[in-house]
Amino acid sequence: MLVKFKGGVSPERIAAILKDNRTDVITELQRERLYHVRILDDRSVESAITRLISYREVEYAEPNYLYDTQK
């Protein structure tokens, strides 16, 4: 899942939101405030997104789709 935070959100607040939502950071693009995270429990991606976007600090949250090109 990809989660982008709005400008001005402290790293401590970002960490707290991600922890509260039971996610683990895979990759962090800190300058962009964009985080690739995995869900640590059995919730659906849609459920996790719904909860994350309820925070005013979150700009967006979306699935991290993997695409494969056909040969």
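Each value in this text was obtained by applying a stated rule to the coordinates, not by laboratory testing. Everything numeric here is computed off the predicted structure, so don't read it as measured data. Positions of Cβ are generated from backbone atoms using ideal geometry, with glycine treated the same way; all protein chains shown enter the neighbour counts.
Quickly estimate the mean residue ellipticity at 222 nm for the chain, helices only: each DSSP H run with n ≥ 4 gives -39500 (n - 2.57), and the total goes over all residues, rounded to 500.
Per the formula, -7000 deg cm²/dmol.
Find out how many positive minus negative residues lie around Ala61, taking Lys and Arg as positive, Asp and Glu as negative, among other residues whose Cβ is under 9 Å from that of Ala61.
On the way: positive: Lys4, Arg51; negative: Glu59, Glu62.
Here the count lands on 0.
Taking the structure as given and computing Cα extents along the principal axes in Å, which label from [x] 106, 12, 7; [y] 38, 25, 14; [z] 44, 28, 18 fits?
Computed from the coordinates, Cα extents along the principal axes in Å corresponds to [z].
Using only Cα atoms and rounding to the nearest 10 degrees, what angle (0 to 90) does helix 11-20 make with the longest principal axis of the chain?
With rounding to tens, the tilt is 60 degrees.
Give me the extension gain from Thr69 to Arg51: residue separation times 0.36 nm, minus the current Cα-Cα distance, reported in nm with one decimal.
Values: separation 18, 0.36 × 18 = 6.48 nm, distance 3.20 nm.
Roughly 3.3 nm would be gained on extension.
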